[in-house]
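Encoded as structure tokens, the structure appears first; notes follow it.
The values are calculated or read from the model by the stated rules, or taken from the named source; none is laboratory data. All values reported here derive from a predicted model rather than from experimental measurement. Reconstructed Cβ throughout: ideal geometry from the backbone, glycine too, with neighbour counts over all protein chains shown. Quick note on the areas: whole protein, heavy atoms, side chains included, nothing else; ligands and nucleic acids left out. Shrake-Rupley method; radii C 1.70, N 1.55, O 1.52, S 1.80 Å.
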Amino acid sequence: MFKTARLKFQTWITAGAGTIAALFVAGLMGAFGALPPHAPPQLPPDAGIDAGLWHLKPVRAYVSRAKVYGVPLKPGQKALVLEVDLTNRTAQSDKAYFNVFTPDGLALLDGLPMIALTRDSTLTPELHPGMTERMAYVWPLAGDAIVPANLSFGIIAELFKPRDNLYGTPGWFNPTRLGTVTLPVVDLPVADSRKGGS
């Protein structure tokens, strides 16, 4: 009789301790889950950055009020232009660079920028492996949009997987915000804007 009671008591203590431990762990997980997520790191603007498919180095940012690198603007618009040196890190030509940069805190008229080679104004070219090209990201803005003197650009990178979960093929997946780079933004006079920011 005492043995049975003792076993019941031990079972009750064990179950109670397990329940308390589970509640404690759940409480900790809930507390950590409620913490704000870590902000993406601030990346140096004067250094090269490996961002998935691309190695990139921001060059400069400016506002243009005229057609720039072949990208026309509608009356009453201006454009935010980011020039960046891009190198394709893969073994095949690609142009999956539209989502690499996003200006923070601006009301964009279009979600994606127009992108051109600065050397000949070719729009959205494929970039070949290992060849660095200077590209201009051009976002049209409303003419009265306020662009800060220093602007942060979010950088999105994808991860390489030798086998994806759906098709079992290699590729670049899971776009995530790698970090943020902040650049001074020059407001170009109209005459300089017509020269393509040069």
Lone unmet requirement of (1) more than 21 Å from the chain's Cα centre (by Cα); (2) farther than 22 Å from Leu151 by Cβ for Pro125: (1)
Scan of region 105-130 for residues that are open to solvent by less than 60 Å² (accessible area, probe 1.4 Å), part of a loop (DSSP other than H, G, I, E, B) and under 21 Å from Leu188 (Cβ atoms), ordered by number: Leu106, Leu108, Pro113, Thr118, Ser121
Hits in region 131-146 - residues which are open to solvent by 30 Å² or more (accessible area, probe 1.4 Å) and either touching a helix residue (DSSP H, G or I) at 6+ places or on another chain (Cβ under 6 Å) or not in a strand (DSSP E or B) (or both): Met131, Gly143, Asp144, Ile146
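One line per residue, one yes/no per condition, for (1) aromatic (Phe, Trp, Tyr); (2) touching a Lys or Arg at 6+ places or on another chain (Cβ under 8 Å):
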| residue | (1), (2) |
| --- | --- |
| Glu133 | no, yes |
| Trp139 | yes, no |
| Ala145 | no, yes |
| Gly168 | no, no |
Meets criteria (open to solvent by 40 Å² or more (accessible area, probe 1.4 Å), modelled with pLDDT of 95 or more and assigned by TED's automatic domain parsing to the domain that holds Gln92) for Pro189: no
Pairs with Cβ under 6 Å, 6+ apart, first in region 122-137 and closer than 25 Å to Tyr62 by Cβ, second modelled with pLDDT under 95 and open to solvent by 70 Å² or more (accessible area, probe 1.4 Å): Thr124/Lys95
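Conditions tested, residue by residue: (1) among the acidic types (Asp, Glu); (2) exposed (fewer than 12 other Cβ atoms within 10 Å of the Cβ).
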| residue | (1), (2) |
| --- | --- |
| Ile156 | no, no |
| Asp164 | yes, no |
| Asn174 | no, yes |
| Leu178 | no, no |
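Could you count how many residues in region 90-104 are more than 28 Å from Pro170 (Cα to Cα) and either free of Cβ contacts under 8 Å to residues at least 12 places away in the same chain or part of a loop (DSSP other than H, G, I, E, B) (or both)? Outline the logic, then answer.
Pass one, region 90-104, residues more than 28 Å from Pro170 (Cα to Cα): 103-104.
In the following step, the residues that additionally are either free of Cβ contacts under 8 Å to residues at least 12 places away in the same chain or part of a loop (DSSP other than H, G, I, E, B) (or both) were identified as 104.
Final tally of qualifying residues: 1.
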Yes/no for Leu183 being outside any strand (DSSP E or B), under 17 Å from Pro58 (Cβ atoms) and not small (Gly, Ala, Ser): no
Some residue of region 74-92 being open to solvent by 10 Å² or more (accessible area, probe 1.4 Å), under 17 Å from Asp144 (Cα atoms), basic (Lys, Arg) and assigned by TED's automatic domain parsing to the domain that holds Pro148: yes
Tabulated pairs, region 49-65, first closer than 11 Å to Tyr137 by Cβ, second not in a strand (DSSP E or B), C-beta under 6 angstrom, 6+ apart or interchain: Pro58/Pro45
